[in-house]
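Once you've had a glance at the structure underneath, I'll fire off some questions.
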Amino acid sequence: MPTRTRKRKKQRRGVIAAGRTVARHLGPQLADAIGIALVVLAVLSALGIWFSAAGPLGGALAFVVRGTFGVSGIAFPVVALWWGLVLIRGTVEEERGRMLIGLTLAAVGGLSLWSLLAGNPSPLAGFEPLAGGGGLIGSLAAWPLSRLLSGYGAAVVGLAMLLLGVLVFTATPLSTVIAFVRRPFERTARQAPAERPRPLSGEDIDEDDEAYEEDEVEAEDDAELEAEAGDVVSVPEAATPPPPPRGSYRPPPMNLLRQAPSTTKGTRDEQQVMAALQQTLQNFGVDAEVTGFTRGPSVTLFEVNVGEGTKVKKVLALADDIAYALATPDVRIIAPIPGKSAIGIEVPNDTRDFVTLGDVLRTRAAKDEPHPLAVGLGKDVHGRAILVRLDRMPHLLIAGATGAGKSSLINAFVTSILMRTTPDAVRLMLIDPKRVELSHFGDLPHLISPVIVHPKRAAEALGWVVREMELRYESLASVGMRDIDAYNAAHAEGTLRPPPGRESEFGRLPHILVVIDELADLMMVAPRDVEDAICRIAQMARAVGIHLVVATQRPSVDVVTGLIKANIPSRIAFMTASAADSRVILDVGGAEKLLGHGDMLFLPSSASRAQRIQGAWVTEREIEAVAGWVRKQREPDYVQGIEGLNTPPSDDDDESLGGDDASLVEQAAELVIRSQLGSTSMLQRKLKVGFARAGRIMDVLEERGIVGPSQGSKPRDVLLTWDEWVEARARTG
């Protein structure tokens, strides 16, 4: 008996292994075969059900369909044809499964309702009662439920299944439906009679019409120029002009952003690539099967299942050989694909798809995300639009070679915020030492200060952000709140309890986004001050709604220091010159194999493996259109006291300490000499001054020979003892 049992187990394992081998060999061809069979079935059933022209076989088919689905069986040919085309077209397997589940639930729910309306026949009632109602399926669903729950209860269950099936089929969350139903009532509440804007006067309409005609003529001229230059991006529809200033703010319309044109398929056939991959694996003796592929905007992901007992490292070692066999510059191997027991091989497309910011912001994911710091990132290898929330990063480091797409991504981030939020929700501080990347965002109402272009002023601006962070923490502590979201929610609900007599100091707190387009320029001028400020902000600012986006084209250890990396958890790597640069950004290689032009690896703080994404592109003309719309809505409102950060620093900035500052220098000298610690942050805490002012005081102490030169992030050496200081003061006094 034990021997027979072992034999049976071996036979069963052999049958299972054979089945798996057959399934791997069939791969996508199985879906194609089923799809073709469904198309043939749809044609035959249409001839038999609609025209009675398919002979005895068609009559039998019509009998089975009518008995199974009832009156709705007349639509069976359409459903079978559509599902066959879905399989032939190569729809993603996960989407096919979701659509099949949704279609099944909706069909069972709808047929059960139909059966109830037709008299609720029993499953054994015969052909005529079933064919005149919801068929056998509807009767099997409705008749037992009506006996258990009554007819009304069965109707409720059937309606719930129908609605659930529609939601699953369309991938629509229930929250979206609820928000859609509530939207008209919320709009009516917002447009109360006392708050409705005054009607346009005749002068207003005339002025707007003239401005609109001028804008329309300019748009047509630009469209003609782009058509002559062979621009591949379509021209957006003409936007309606903004209304005259009324104290309200209207975000820019979506038609200011363009939609990507359709891209012609390249010469490379994915089936041929699959065959070439399979042949390469067999040539090197690797037991693996190429089972499918997914085409993305810039690369196509091929899935490979390895056989039992085959090491994954054998496939990883074949990267160069696979690239040679496919005649492509490089391939990237993912082992394993997240969530699957398969290896992914990313092969560059010979024709890349355009990914525009307008396409990303028009998706359902963007419309369902209300947070003001949600921005468009791009599309992944499955062609799905990716929207990220910068508050969840909570700070982001972007690096890569020159021309790889860093500034384009920053433009997409800022444009996303302008398209989705008001100046009351998000304020921006833009630091652009190169002076050309962010200049088109000048004079916007979202800005805290004019665009900062001088590296020394940038250090002072970061010092202001540190002070603002500390003030916000004091405000939150005064009202017993832990973070900005709870504070703003309590403020909106009217449950905020500020200290008596200080109610005017506790208004709504907007999020602050600090964007640094080139960190290397700042680190060359004031490395210690910039590094200290960035680390201080990155460590503490998340809870008070202040977030950093830092970009650089020099991913070296002297620019992206260990302290900066440790405090900025989320990273984006564009194409780099070497694997060493990739490791500086991501701590692993891989960025050196990217394709450039927006191809990136995105590694958020919540993930352990980087995700490949094709970045969203926004043209200068789109940026100008969006920025122009925003400027017409509201004048810039810079924060008082930091308007001068865009002025060039004078040569005598460090010599301008006088009056009260002279006494601060004396106090600072005593503090430094007593503690034997030359630290700028210590001066900030003890003297209660800002970051920039403490830095200038420390420079004066260096000129007087009290402290030594800067040593990066380390404290300065103190050159005098307390006795020497006392003797020096006695001699001079």
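The values are calculated or read from the model by the stated rules, or taken from the named source; none is laboratory data. What you see is a predicted model; the values in this text were computed from it and never measured. Virtual Cβ from ideal backbone geometry, glycine too; neighbours counted across all protein chains shown. Surface accessibility is based on the protein's heavy atoms, side chains included, excluding ligands, DNA and RNA. Shrake-Rupley method; radii C 1.70, N 1.55, O 1.52, S 1.80 Å.
Can you name the residue in the range 596-614 that is open to solvent by 50 Å² or more (accessible area, probe 1.4 Å) and not in a strand (DSSP E or B) and is also nearest to Ser578 (Cα to Cα) among such residues?
Filtering first and then ranking leaves His597.
For the range 58-104, enumerate the residues that are in contact (Cβ under 8 Å) with a residue 60 or more places away in the chain, under 25 Å from Leu164 (Cβ atoms) and part of a loop (DSSP other than H, G, I, E, B).
Val92, the sole residue that qualifies.
Quick check: is even one residue across the range 615-628 open to solvent by less than 20 Å² (accessible area, probe 1.4 Å), at pLDDT below 90 and more than 30 Å from Arg528 (Cβ to Cβ)?
The answer is no, given that none of the residues of the range 615-628 is open to solvent by less than 20 Å² (accessible area, probe 1.4 Å), at pLDDT below 90 and more than 30 Å from Arg528 (Cβ to Cβ).
Just checking, does the range 301-318 include any residue being open to solvent by less than 20 Å² (accessible area, probe 1.4 Å), under 30 Å from Leu390 (Cα atoms) and out of contact with any Cys (no Cβ under 9 Å at 6 or more places or on another chain)?
Checking the range 301-318: at least one residue is open to solvent by less than 20 Å² (accessible area, probe 1.4 Å), under 30 Å from Leu390 (Cα atoms) and out of contact with any Cys (no Cβ under 9 Å at 6 or more places or on another chain).
Residues to consider are Asp359, Asp320, Asp330; find the one that is among the charged types (D, E, K, R) and farther than 20 Å from Gly615 by Cβ.
Asp320
Please go through (1) touching a Pro at 6+ places or on another chain (Cβ under 8 Å); (2) of a type in the set (Asp, Glu); (3) modelled with pLDDT of 80 or more for Glu703 and return the number of the only condition it doesn't satisfy.
(1)
At negative phi and touching a helix residue (DSSP H, G or I) at 6+ places or on another chain (Cβ under 6 Å): is that true of Ser72 in this structure?
Here the answer is no, as Ser72 does not meet what is asked.
Considering every residue within the range 300-316, establish whether at least one is among the hydroxyl-bearing types (Ser, Thr, Tyr), at pLDDT 85 or above and within 33 Å of the chain's Cα centre (by Cα).
Within the range 300-316, one or more residues are among the hydroxyl-bearing types (Ser, Thr, Tyr), at pLDDT 85 or above and within 33 Å of the chain's Cα centre (by Cα).
Tell me the residue from Ala42, Ala107 that is aliphatic (A, V, I, L, M), over 30 Å from Gln271 (Cα atoms) and in contact (Cβ under 8 Å) with a residue 12 or more places away in the chain, please.
Ala107
Please verify whether the range 408-430 includes one or more residues that are open to solvent by less than 10 Å² (accessible area, probe 1.4 Å), of a type in the set (D, E, K, R) and in a strand (DSSP E or B).
The answer is no, given that none of the residues of the range 408-430 is open to solvent by less than 10 Å² (accessible area, probe 1.4 Å), of a type in the set (D, E, K, R) and in a strand (DSSP E or B).
For (1) modelled with pLDDT of 90 or more; (2) open to solvent by 70 Å² or more (accessible area, probe 1.4 Å); (3) more than 25 Å from Ala459 (Cβ to Cβ), each residue gets a yes or a no:
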site	(1), (2), (3)
Arg472	yes, no, no
Ala489	yes, no, yes
Pro499	no, no, yes
Gly507	no, no, yes
Ile546	yes, no, no
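Is it true that some residue in the range 45-52 is touching a helix residue (DSSP H, G or I) at 6+ places or on another chain (Cβ under 8 Å), open to solvent by 70 Å² or more (accessible area, probe 1.4 Å) and aliphatic (A, V, I, L, M)?
No; the residues of the range 45-52 include none that is touching a helix residue (DSSP H, G or I) at 6+ places or on another chain (Cβ under 8 Å), open to solvent by 70 Å² or more (accessible area, probe 1.4 Å) and aliphatic (A, V, I, L, M).
The conditions are (1) touching a Leu at 6+ places or on another chain (Cβ under 8 Å); (2) open to solvent by 10 Å² or more (accessible area, probe 1.4 Å); (3) of a type in the set (S, T, N, Q), and Thr402 fails exactly one of them. Which is it?
Among (1) touching a Leu at 6+ places or on another chain (Cβ under 8 Å); (2) open to solvent by 10 Å² or more (accessible area, probe 1.4 Å); (3) of a type in the set (S, T, N, Q), Thr402 violates only (1).
Looking only at the range 110-134, count every residue that is farther than 14 Å from Ala160 by Cβ, free of Cβ contacts under 8 Å to residues at least 60 places away in the same chain and among the small types (Gly, Ala, Ser) and tell me the total.
Summing the residues that are farther than 14 Å from Ala160 by Cβ, free of Cβ contacts under 8 Å to residues at least 60 places away in the same chain and among the small types (Gly, Ala, Ser) in the range 110-134 gives 6.
OK, next. Given the conditions (1) open to solvent by 50 Å² or more (accessible area, probe 1.4 Å); (2) assigned to a helix (DSSP H, G or I), report the number of the one that Leu116 does not fulfil.
Looking at each condition in turn, Leu116 falls short on (1).
Okay, residues lined up against (1) assigned to a helix (DSSP H, G or I); (2) over 22 Å from Pro433 (Cα atoms):
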| residue | (1), (2) |
| --- | --- |
| Glu460 | yes, no |
| Gly501 | no, yes |
| Ser504 | yes, yes |
| Met523 | yes, no |
| Arg536 | yes, no |
| Val550 | no, no |
| Pro555 | no, no |
| Asp558 | no, no |
| Ala566 | yes, yes |
